[in-house]
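Below is one structure, written out as structure tokens; comments come after it.
The values are calculated or read from the model by the stated rules, or taken from the named source; none is laboratory data. Remember, it's a predicted structure, so these values are computed and weren't measured experimentally. Using ideal geometry, Cβ is built from the backbone for each residue, glycine included, and neighbour counts are taken over all protein chains shown.
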Amino acid sequence: MSGEALVIGGDIHGVQTALDLADSGIKVTLVEPSPALQVNGVNPGKSWWHNQPESLRLIPKLLKASSHPNIKVLTSASVSRIKGNRGDYRVNVVQQPRYVNVDTCTSCARCERECPVNVIPLSGKTADGHKAIHRPDFGIKSAPSTYMIDKRGIPPCTAACPAGINVQGYVALISKGKIDEALDMITDAVAFPRVLGRICTHPCEDACTRSQVDKAVSICALKRYAADNSSPRASLKRTHETNNHVESTHPRVAIIGAGPAGLTAARDLARMGHRSTVFEALPAPGGMITFGMPRFRLPREVRQADINDIVRLGIEIRTSTPIGKDLTIPELQQQGYEAILIAVGAHRNQRLGIPGEGLEGVINSIAFLQAFNLKQPVTVGKKVVVIGGGYTGIDSARTAVRLHCERVLVVDRYSKGMLTANPDEITEAEEEGVEFDYLVAPIRIVGQYGRVAGIEFRRMRLGRPDYYGRRHTIPIEGTEFLVEADTVVVATGQRPGLAFLMGDTTLTEGGKHIVVDPLTLATKIPGIFAAGDAARPGAPMINAIAEGRQAAISIDRYLRGDDPAANRSLDKVKPVEVNLDEVYIPPTERQPLPCLKYEFRIGNFEEVELGYNAGTAIKEAERCLNCATCSECMECERACELGAVEHNMTPTQVQLEVDAIAVRENLDTQLWESEVIGSSTRRSGIYLIPSSPDGELYPASAVASRIMVDLTKRHAVDKEKPRVVREAIRTDFVEAGEARSQRAVSPEEPRAGIFVCDCGGSIGEVIDLPNVVAYYQGKGNIVLSRQVEYACTDEADNEIFDLAREHGLTHVVLAACSCCNLDQICFSCSDRRVKCKSNLLSTQLRDNIYYEFVNIREHCAWVHGHQSEAATAKAKKLIGAGLARALESQPSSRKSINIERSTLVVGGGLSGLRAAADLASQGFQTTLIRKYGSYGEPEKEFESAGNKLEKELLSQGTTVLSNAELLNIAGQAGRYRASVSQNGQLRQFTIGAIIFDLSGGTNNHPDSSLTKNTELPPFIFKTIDDGNHPLLKWESGMEPASSQPPGVFLCGTGQAADNITEALMQGAAAASKAAVLMSRGTIEVAQTCASVDQSRCRGCGTCETVCGFGAIALTERIPAIMCAQVDEGLCQGCGLCVAHCPSGALSQNGYSDRQISASLKAILT
Amino acid sequence: MTKLDEYITTDFEPRIVGFVCNWSAYSGVEMAGINKMEYPAGINLIRLMCLGRLNIGLILKAFELGADGVMLLGCPPDDCHYECGGAKAQEVLAQAKGVLNLLGIDQNRLALIEVPLGREDLLLRQVSTFVKRIGKPKPNSRRRKAKVASPV
């Protein structure tokens, strides 16, 4: 029994129903599945439709609905459940997030400018490309115009990254040249951005959707570009932020091994507020990246810079402090380390297991690379053979080749394509002169005098793929051959060195590696964790880093006593897929990564890959297809000064209690399959809003009438006084509108204030606003000139109110996006403009300030984007014109005319009966006149429907005048005087509304009370005498069943003659419109209504002839002196009469001759 | 003294006043704004509820104040929001052109541009044609002598 209604489906039909209900004082919730109300019926989402004149004309309705005090609009929402019965429904509505706060966003487009993501236009469709954050509809004014973000999920690159870096995000940032922000995004997830940018195995690139078009985006190199080119200040800022966060107490965590996993964990723990000590066996931190990487791939300074960034967070690294003999794990625990992370990596080489491995000159690749990096002496012969074509193997070979060896040969038992090393690297090695031999396996190493002399190999072939698709190699007998060599580097994979456990096997499995829980990385012993190669050997560096991150989370939770497994999962997120058949992507070359030329590589250890420059990096980043649409780069969040962007928005549940529900019939909701059968609903109190074939809106109004009747009946506990109940449920919102009157008194000395809106920079970036503000400071009557940021926000309005009061302003000119101070909503208006205006105008009367609005956005800044200087000059002129218009304004107050709350229905066809019954059952005083004695109808179904209605009508005590004819209508709008003759007897009615049932004029419906002799005022006659009855077709402001003169409604036209449903709907629609008027009780006078200066009128009557609305007529002011008089209820405020008045007696508020001349003067001088 | 015809033969940015009807034409101007379609900053628009509000006096006032051109931007006559405003505007246009001839002002400096709703592209095309015509008038020695003074 809330007395409220729910309308589901926010297209124009749903909006019409909601508006009728709301206008009659019923609170309505309007639920629309798309992000904005729609002008069209079926919501095709096509931009072409919006520019059709028909839809533009309907936009004011949407704006009105979205700003109506009685309508609550829920966009991106759908009804999930309806419970309860007629008159008492409990409805659950789920509102999908739009990621932008509807109440805060001012649609200033600042975020859109910063957004790096261009959504690919769909081929074959007219929708243009747009940014990931955008207005709900493109190229038109949408209501609400609040921005929204398109999010599709997790992009494949991010899903593929073990460490979960927001890859699409930083690539998008780089495409905008935002390097610092990109690096922030990378380091948010991982340490070592510079190192990863060089040596990462980039699974992201393998997953890249672009690789299905041409080639994957060069993500790894882009990361390197960001890491190498960010400003040092940015990295310092990050460090400080973390340092302020760390607890200054004793370190609680010991980390064994200062490799990628260990240092990552230490860094992440620091960021979570835990201090840690890192124990490193080798003399320098970095582990494999320090000792296992040759300098030409990873220069020392680079990796040192990354390590320094971590150390700077206050992490203590104790180098040359091996755990084991001198310091055991239990001893660490005794020292007060509550948690221990084992991240020792895999530094032990796998053995070949063939004869001759012990010979002098056989060296394992780790020891080989480590010796170089530790600057220990290594003897390398002239003929080097590297066994194993993995990363370490190739690195070893390329190191050897730089030492002027005669021949460096890499052999592998697999084929070229099956090598784990990056193909680019193999190519680079080949360029440098490294030879390769594939599908060969060593049988034994041949020695001479204890030294290596050669290796014997055997050729292999690939076997059939096994269950997992792997192909094993099978030796080919008889293909043995000998290769001469004096150094053999064994690079057949590494395993962790677990000697530090001192033979304790509780943590390990077969002494090979440490066993951990795959999710939490916890070992069997509480408080001891393991990450990286120590736990799972053979994985690339990015996995070690990812595990370091996970270990840090587990340790943090362990120290805090939280559940380590909560909200974590090993399940891979399913990345979004782009249907490449649907989009056209022009092929673009992957930008090649520049390399040091071969001649400059030999004999030195200079870095080979050189990285992108700004130009190539941006070009490469722009190749990204933005699979997930929004990249979550957070640029919009940074750009929005109002904090309206909320990326973490989730769907919200809204609970509603309503008495009646109206649903658009074409709404594609699963719910309706259970609720709707054909053209009716299963439950009473739920009404379907049908579409009419020609798109007319009266069915929507008809539903509104049904709901009005329904609600009134439900609440009519006291049957004697239905009106009291009706007024109780219908809130009196008219008050708010009345407060919006204009200044009533003219001030003696004007004190003007000028406020200029920057609209979040979208105006200021073209117009030199400080210049404009300064120009008007202290000029003439101007006492105040200020710039405001967002004039349509409450904060700015309050600022304007306060300043206006403080400075005693009488006239305020706001230069923003609004362009008039009228209440009306034109089809050129926008929702922010409506808000801006209504905020300021609501206080107009209270403060006695005249507000004038000047549009410097759509009329200046946005159309003169490349003429900044001229635009600034123009803005000054426009403001000057607005000020002149304000100063020339005449004091006037907003008028409304009280109407007679009674309705006359003329004609007793089905439509007329329906209209009268609907109005009467709502307690409105209604009279029906008809020509014949009773409802007579040749067709049977018509007859039964008519008789039913007639019974209903009579039971409500409605006055029904049979055998009656309408003679004439006179009087003024709101107080029409109708003369009716019944059986030759004359009766007079004063009425506020009159409904004509025109079906009476046709042959099928013999009952009409409108005769050819009826005298109607010309304006009414004009509306009716048209054979097509155009006023049912969206004329006069698109109001169904309404005509231009207020209070005159039509029904029973067109199809109604031979279709019962049509006839009833048209009648109900007219009833709805009349009920709105009856509930309001007033007619609003057009603000631009003409006014007569009687002293100047010479009674020529020109105005009377030009007025198309019969709103102005000559009357006798004093006997024999004729003078023009305006019927304010009828005046539409076009100003035609003003232009044609020869004596200047007529004027128009807001557009008087003086105001227009003053504007011209301001513009042209 | 601003001399209108001083501009005529020189390369200048014409000062143009556009009287805009609140409905189709204004909506076109707005859509041009939303879609950021650029036009010369010398065009200044004055909004009216309907072009029917204009009389010759207001049009001549604009020329008197030194406008190089005056555009009347309105709806097609059969689509007037107030039904007969468009037709009245055409009458006023014809009268005003006659007076302009008498005053020695090229009557091409006054134009009525009727734009259907939703055709901002058409609106801007017609406006730019008008601006080009004003910016590069044909040299006419007789008219060059005509001077229109502004009160400032």
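For region A:850-859, does any single residue satisfy the condition of being within 30 Å of residue A:1131 (Cβ to Cβ) and assigned to a loop (DSSP other than H, G, I, E, B)? For region A:850-859, residues within 30 Å of residue A:1131 (Cβ to Cβ) and assigned to a loop (DSSP other than H, G, I, E, B): absent.
When restricted to residues that are surrounded by fewer than 19 Cβ atoms within 10 Å (Cβ to Cβ), charged (D, E, K, R) and in a loop (DSSP other than H, G, I, E, B), region A:608-637 contains 1. Need pairs with beta-carbon distance below 6 Å; first residue within 13 Å of another protein chain (Cβ to nearest Cβ) and within region A:817-839, second among the charged types (D, E, K, R) and not in a loop (DSSP other than H, G, I, E, B); sequence gap 6+ or separate chains. Qualifying pairs under 6 Å: A:817/A:833; A:817/A:857; A:818/A:833; A:818/A:837; A:821/A:852; A:825/A:64; A:827/A:57; A:828/B:30. Considering A:1133, A:1150, A:1144, the condition of being within 30 Å of residue A:696 (Cβ to Cβ) and of a type in the set (Gly, Ala, Ser) is satisfied by A:1133 alone.
Scanning region A:1103-1147 for residues that are polar (S, T, N, Q), in contact (Cβ under 8 Å) with a residue 24 or more places away in the chain and farther than 19 Å from residue B:23 by Cβ returns A:1125, A:1143, A:1147. Between A:778, A:761, A:753, the distinction of being more than 22 Å from residue A:798 (Cα to Cα) and among the small types (Gly, Ala, Ser) belongs to A:778 only.
Each row is one residue, and each column tells you yes or no for (1) within 30 Å of residue A:869 (Cα to Cα); (2) without any contact (Cβ under 8 Å) to a residue 40 or more places away in the chain; (3) not small (Gly, Ala, Ser).
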{"site": "B:33", "(1), (2), (3)": "yes, yes, no"}
{"site": "B:40", "(1), (2), (3)": "yes, no, yes"}
{"site": "B:45", "(1), (2), (3)": "yes, yes, yes"}
{"site": "B:56", "(1), (2), (3)": "no, no, yes"}
{"site": "B:82", "(1), (2), (3)": "no, yes, yes"}
{"site": "B:85", "(1), (2), (3)": "no, no, no"}
{"site": "B:102", "(1), (2), (3)": "no, yes, yes"}
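Per the conditions (1) modelled with pLDDT under 90; (2) in contact with a Gly (Cβ under 9 Å, 6 or more places away or on another chain), the sole criterion not satisfied by residue A:885 is (1). Within region A:409-461, which residues are in contact with a Ser or Thr (Cβ under 6 Å, 6 or more places away or on another chain), outside any loop (DSSP other than H, G, I, E, B) and of a type in the set (Lys, Arg)? Within region A:409-461, A:458, A:459 qualify. The residue of region A:1134-1149 that is farthest from the other protein chains (Cβ to nearest Cβ), among those that are under 44 Å from the mean Cα position of the chain (by Cα) and crowded, with 24+ Cβ neighbours inside 10 Å, is A:1148. Among the residues of region A:1049-1063, the ones that are crowded, with 24+ Cβ neighbours inside 10 Å and either modelled with pLDDT of 85 or more or hydrophobic (A, V, I, L, M, F, W, C) (or both) come to 5 in all.
Let's see how each residue does on (1) closer than 26 Å to residue A:259 by Cβ; (2) touching a Gly at 6+ places or on another chain (Cβ under 9 Å); (3) modelled with pLDDT of 90 or more; (4) outside the structural domain of residue A:589 (by TED's automatic domain parsing):
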{"position": "A:145", "(1), (2), (3), (4)": "no, no, no, yes"}
{"position": "A:168", "(1), (2), (3), (4)": "no, no, yes, no"}
{"position": "A:175", "(1), (2), (3), (4)": "no, no, yes, no"}
{"position": "A:205", "(1), (2), (3), (4)": "yes, no, yes, no"}
{"position": "A:209", "(1), (2), (3), (4)": "no, no, yes, no"}
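Of the residues that sit in region B:13-22 and are more than 7 Å from chain A (Cβ to nearest Cβ) and farther than 19 Å from residue A:870 by Cα, which one is surrounded by the most Cβ atoms within 10 Å (Cβ to Cβ)? Looking at residues that are more than 7 Å from chain A (Cβ to nearest Cβ) and farther than 19 Å from residue A:870 by Cα, I get B:21. Please enumerate the residues belonging to region B:108-138 that are within 14 Å of chain A (Cβ to nearest Cβ), in a loop (DSSP other than H, G, I, E, B) and not charged (D, E, K, R). Scanning region B:108-138 gives B:115, B:116, B:117, B:118. Scanning region A:1077-1122 for residues that are within 28 Å of residue A:1041 (Cβ to Cβ), outside any loop (DSSP other than H, G, I, E, B) and in contact with a Cys (Cβ under 7 Å, 6 or more places away or on another chain) yields A:1090, A:1112. Given the criteria surrounded by 12 or more Cβ atoms within 10 Å (Cβ to Cβ), in contact with a helix residue (DSSP H, G or I) (Cβ under 6 Å, 6 or more places away or on another chain) and not assigned by TED's automatic domain parsing to the domain that holds residue A:288, does residue A:440 qualify? Answer is no for this residue. For region B:61-92, a residue qualifies if it is assigned to a loop (DSSP other than H, G, I, E, B) and either at the interface with chain A (Cβ under 10 Å from one of its Cβ atoms) or buried (at least 19 other Cβ atoms within 10 Å of the Cβ) (or both), and the qualifying residues are B:65, B:66, B:67, B:68, B:75, B:80, B:81, B:82, B:83, B:84.
Does residue A:814 satisfy the condition of being more than 10 Å from chain B (Cβ to nearest Cβ), modelled with pLDDT of 90 or more and in a helix (DSSP H, G or I)? So residue A:814 fails the test. Find the helices (runs of 4 or more DSSP H) located wholly in region A:232-294 whose residues include 2 or more that are modelled with pLDDT under 85 and farther than 11 Å from residue A:315 by Cα, and list them. It comes to A:232-243. Looking at residue A:755, is it in a strand (DSSP E or B) and either away from every other protein chain (no Cβ under 14 Å) or at pLDDT below 85 (or both)? For residue A:755, the condition - in a strand (DSSP E or B) and either away from every other protein chain (no Cβ under 14 Å) or at pLDDT below 85 (or both) - is met.
Within the set A:327, A:341, A:298, the sole residue that is under 14 Å from residue A:251 (Cβ atoms) and modelled with pLDDT of 85 or more turns out to be A:341. The residue that is farthest from residue A:859 (Cα to Cα), among those in region A:1106-1126 that are crowded, with 22+ Cβ neighbours inside 10 Å and in contact with a strand residue (DSSP E or B) (Cβ under 7 Å, 6 or more places away or on another chain), is A:1124.
For region B:30-60, how many residues are under 16 Å from the mean Cα position of the chain (by Cα), more than 7 Å from every other protein chain (Cβ to nearest Cβ) and farther than 22 Å from residue B:106 by Cα? Going through region B:30-60 one residue at a time, the tally reaches 0. What about residue A:640, is it closer than 21 Å to residue A:155 by Cα and either in contact with a Ser or Thr (Cβ under 9 Å, 6 or more places away or on another chain) or modelled with pLDDT of 90 or more (or both)? When the stated conditions are applied, residue A:640 does not pass them.
Would you confirm whether any residue within region A:542-551 is among the β-branched types (Val, Ile, Thr), within 23 Å of residue A:289 (Cβ to Cβ) and either in contact (Cβ under 8 Å) with a residue 12 or more places away in the chain or in the same structural domain as residue A:271 (by TED's automatic domain parsing) (or both)? For region A:542-551, residues among the β-branched types (Val, Ile, Thr), within 23 Å of residue A:289 (Cβ to Cβ) and either in contact (Cβ under 8 Å) with a residue 12 or more places away in the chain or in the same structural domain as residue A:271 (by TED's automatic domain parsing) (or both): present.
Applying the criterion of being more than 9 Å from chain B (Cβ to nearest Cβ) and among the aromatic types (Phe, Trp, Tyr) to the residues of region A:843-885, the residue that is nearest to the chain's Cα centre (by Cα) is A:853.
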